[in-house]
Structure formats: C-alpha cells, structure tokens
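The values are calculated or read from the model by the stated rules, or taken from the named source; none is laboratory data. As the structure is a prediction and not an experimental result, all values here were calculated from the model. Methodologically, a virtual Cβ is constructed for each residue, glycine included, from the backbone with ideal geometry; neighbour enumeration extends over all protein chains shown.
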Amino acid sequence: MEKRWFKAATILPPTVKVGGRRLLPFCLRHRIALEALGSPVVETTNELTTTQFLLAVRVLSTHDLNEVRKPWTLAEQVRLAVYNNSPRRFLRDVAKLVVYFDAQALWPRMWQKSDKAKDSALPWQLVVVASLVRNGVPLEAAWTMPESEAVWLYFANCAADGAKVELVSDLEWDAMEKYRKEKAESAAKETDPTNPPKN
C-alpha cells in the first residue's frame, strides 16, 4: 500500500513520446475528455482505430481542451497515413500507450464487499474533485494532478472525515495474488487431459 502511494505521489511526466507527442501524467481531465469522446482507450467496448488513437494521444498531451478540438495538423495527417499503411508501426505505438497507462495504475487497492453500496447519482470523478477542492486543493490542480494521486487524497480525506476506509496492504495483496495463482494452477491441472486423476 505504502509503495503504491509513494509512486502515485511522485509520478513524473513520461519520458517516451507516443504518436509524436510527449504525454502528461494521466489525470481526471484526461479521463473525462476521453470518456466524452467515447474513446476505446478508456471505454474498452470498441476496437481502437488509428484516428481514435491519435486523438487520445492529443488529449493525453495537454490540459487545454481547446487543443483537442483543433483540426489535424500536417504532422498528424502524415502520422495517420503511416499508421494506416503500417499496422506494425501502429501496434508498436499502441504498446507504448499501454505501458504509459500501466505505469500509472496506482490507485489504492480496496477490500471488496459482497453487498454493493448504493451508487451515487454524481459521477465519481466529480466527487473526487469536489472533495479535493473542499479540502483546499485549487480546482485546476484537482483536475490536472495525476489521477492516482487525486484518488489517494480523496480516500485520505474520507478517512479524516471519519469514513471507514479499508485498504489492502502490499503484503496482503501479494499473498492474495499468490493464492489466486496457486488456485488457477491447481484448477488447470485438474482439467488437463494429459494428467488423469489418480485412483
């Protein structure tokens, strides 16, 4: 748990370029913009096209939503042509984007409860931003700080307000992952036709 918080609190801008642009740490403004565009980068229901990929890269490289609305630049048009003519080049850059997201997937891990809490009518992103602003974070900073850091601060604020916040420690997570792996391996052996059960 502590390691994830330290990493979330010290996220630096990515050092690799994706689609010809330097990306910023993923923030709530990025998430909202991508969801509004129905981007497969955050909505995994559709296959990612070259155009959608390049639009997502544009979103992730700025905090200014006006930049997203601009027509394609000449450089972007050339890159689209390259992607459309070279699937290998496109998949290579998609892999970079996957690494970008994986490096920032540092939300606190929560204990799951069987009885689901009643869903709020408010979007969870707005709830997080409102909590941060209520506790003194400037509005722009709340929207643009790394998303995982914002979520950690939100849960810290909830705990400070008296809410019961049950986080999974790193040791507990590792133990659960080991148990899941052993269980999956055991199940695979039981269904393996080359490994008949012993009498």
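Taking region 73-92 only, how many residues are in contact with a helix residue (DSSP H, G or I) (Cβ under 7 Å, 6 or more places away or on another chain) and not basic (Lys, Arg)?
So the count comes out to 6.
Name the helices (runs of 4 or more DSSP H) wholly within region 56-107 that hold at least 3 residues that are of a type outside the set (Val, Ile, Thr) and surrounded by 11 or more Cβ atoms within 10 Å (Cβ to Cβ)?
Fully inside region 56-107 and qualifying: 74-85, 87-102.
Do you know which residues across region 33-59 are over 12 Å from the mean Cα position of the chain (by Cα) and among the aliphatic types (A, V, I, L, M)?
Selection gives ALA33, ALA36, LEU37, LEU48, LEU54, LEU55, ALA56, VAL57, VAL59.
List pairs: first in region 122-145 and assigned to a helix (DSSP H, G or I), second among the basic types (Lys, Arg), Cβ under 7 Å, 6+ apart or cross-chain?
GLN125/ARG31; TRP143/ARG29; THR144/ARG29
Give the residues of region 15-36 that are crowded, with 21+ Cβ neighbours inside 10 Å, assigned to a strand (DSSP E or B) and of a type outside the set (Val, Ile, Thr), sorted by residue number.
Within region 15-36, CYS27 is the sole residue that qualifies.
I'd like to know if region 1-9 contains one or more residues that are at pLDDT 95 or above, under 16 Å from SER148 (Cα atoms) and buried (at least 17 other Cβ atoms within 10 Å of the Cβ).
Checked against the condition, which is being at pLDDT 95 or above, under 16 Å from SER148 (Cα atoms) and buried (at least 17 other Cβ atoms within 10 Å of the Cβ), region 1-9 yields no hits at all.
I'm trying to understand the selection: among the residues of region 40-49, which are surrounded by fewer than 21 Cβ atoms within 10 Å (Cβ to Cβ) and touching a Leu at 6+ places or on another chain (Cβ under 7 Å)?
Once the filter is applied, which keeps residues that are surrounded by fewer than 21 Cβ atoms within 10 Å (Cβ to Cβ) and touching a Leu at 6+ places or on another chain (Cβ under 7 Å), region 40-49 yields PRO40, VAL42.
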